[in-house]
1. With the crude spin-label approximation of a point 7 Å out along Cα→Cβ, what separation in nm comes out for B:Ile273 versus A:Ala25?
2. Classify the stretch B:58-169 from the C-alpha gyration tensor, please: rounded if a/c falls under 1.5, else prolate or oblate depending on whether a/b exceeds b/c.
3. Classify the stretch B:75-322 as rounded, prolate or oblate from the Cα gyration tensor: take a ≥ b ≥ c as the square roots of its eigenvalues, call it rounded if a/c is under 1.5, otherwise prolate when a/b beats b/c and oblate if not.
4. Using r as the Cβ-Cβ distance of A:Ile11 and B:Ile158, and R0 as 25 Å, what FRET efficiency do you calculate, to the nearest 0.05?
5. Just report the Cα centroid separation between the stretch B:7-65 and the stretch A:86-135, whole Å.
6. Using the Cα centre of the protein assembly as shown as the reference point, and only Cβ charges (+1 on K/R, -1 on D/E), how large is the resulting charge dipole? Debye, rounded to the nearest 20.
7. Taking the dipole about the Cα centre of the protein assembly as shown, with the C-beta of Lys and Arg at +1 and of Asp and Glu at -1, give me whichever of B:Ala62, A:Val127, A:Asn56 is farthest to the positive side.
8. Which lysines does A:Lys41 reach when only Cα atoms under 26 Å apart count, and residues fewer than 8 places away in its own chain are ignored?
Amino acid sequence: MKASYFEKVGIGIKTVIKGMKKSLAYFFKKPVTLQYPHQKKVIAERYRGSIRLTINPETGKHKCIACTNCEKICPAFAITLKIETPEGSKKKELKEYYVDLGKCIYCGLCVDSCPVDAIEHSKVYEVAERSKENLILRLDTIGEKNV
Amino acid sequence: MEFTGLLNTFLGKVILSVAGVMIVFTFNALIAVWLERKISGHIQLRLGPMEVGPHGLLQSAADGLKLICKEIITPQGVDKKLFAMAPYMVFFPSLLMFIVIPFSDKLQVQDLNIGLLYFFSISCIATIGIFMAGWASNNKYSLMGAVRSIAQSIAYEIPIILSILSIVILTQSLRLSEIVKAQSNMWFIVPQFVPFIIYLISAIAELNRTPFDIPEAESELVAGFHTEYSGMRFAIFFMAEYTNMFLVSAMATTLFLGGWNGPVLPPVVWFFIKTYAIVFVIIWVRWTFPRLRPDQLMNFCWKFLTPLALINLLVTTFILKLL
């Protein structure tokens, strides 16, 4: 059945008041906006940020044994290792460790596959750069960007 | 001594009035836009502008500066003279309307004895400016917006005037200062609550604001009559809109909320508090309701507001005769 003229007016007034109440209630609620550059979100404990080499607290150096597991397992070919065997020694040594953040898919397989826990995820997520070359990070030298 | 002497001359008064009106106008253009953005933000659980100045207070000034710096583009195929004239046709009536607004018992540019009539007849001129803009733009969306604006304006003038007539009957005067003085004991919102609501709704429709913004409905008409405008010309339309919002609220304050009457605080402060309370309500309405369809808009005016205003006028006259 169709509502009569006066019923319609009644419904109209009711809904107008209801709507106005609702929006006023929202006006006094706390805004949810996070003002990004000034305020930053708390990052979850297991967040997979860009990878970095862990430091051995005793020696002050990285723990890498140059097994290249991470390089092999990386599905995006983001990790490149340069390895040398010093003369008079059978043990391989890590010379350079590169990770290309432009290729990295943050899957964490490298971290899982490392036998000595030499790499870990940092909590860095602001990795934007002005050129593609800057996204390739060398992790084994001092002055790493993402520590 | 010399200064007060200058004030008493005609020229001195003109200069002072123009300066005063321009100050109120600029202040309002900055504050009202900021208020609109802040209130809309908070209703949507956002913060609104925060970066420029404390809590974004200078955002409107920055936006204004940007618009001034922009190139004024005149598209091909427009009627150049009308196109250039239209923004000012919308803008100047709103400056002229300031003349009769009683900011306090002494602060009033000219206390005309037909102040109320003057205010509402001048406000109609802006519609011509809107139509000029729509016609000169040579754009179907602009023209559509302008046509809708005219239809809406004609429709909503009637409930506005009818609702105000009951106030005129109560005070027996069109002089705004007398209307304010008549409210020193009781604001007219108490005996005339229905006309107040009718006035507010029709005023929002006159302002072309949501939920009555069919002349510039962005999802249908791009931007309506100001589709082709950019830079400072657009800014003038924009400022005129917010000035009109202030003026309509100021008139509502004068007619229904007792104007500058109020205890403790100086009259001017009372006037601005009341006016911005109405501005808040208008903004609040905008961010609550969706847009009406044109036919709903016309139905609402002719089938509900106009009869209600007429009945109210009748009842007011009847009661006044009995008393």
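1. 2.9 nm
2. Oblate is the answer for the stretch B:58-169, as a/c is 1.5 or above yet b/c matches or exceeds a/b.
3. prolate
4. 0.55
5. 54 Å
6. Working: 48 positive and 35 negative charges, 193 e Å.
Taking the Cα centre of the protein assembly as shown as origin, the dipole is about 920 debye.
7. A:Asn56
8. Within the straight-line limit of under 26 Å, A:Lys41 reaches these lysines: A:Lys29, A:Lys30, A:Lys103, A:Lys123, A:Lys145, B:Lys38.
Every read-out reported here was derived from the displayed coordinates using simple, explicitly stated rules and does not represent laboratory data. Everything numeric in this text was worked out from a predicted model, so none of it was measured. Glycine gets a Cβ as well: all are built from the backbone with ideal geometry, and neighbour counts include every protein chain shown.
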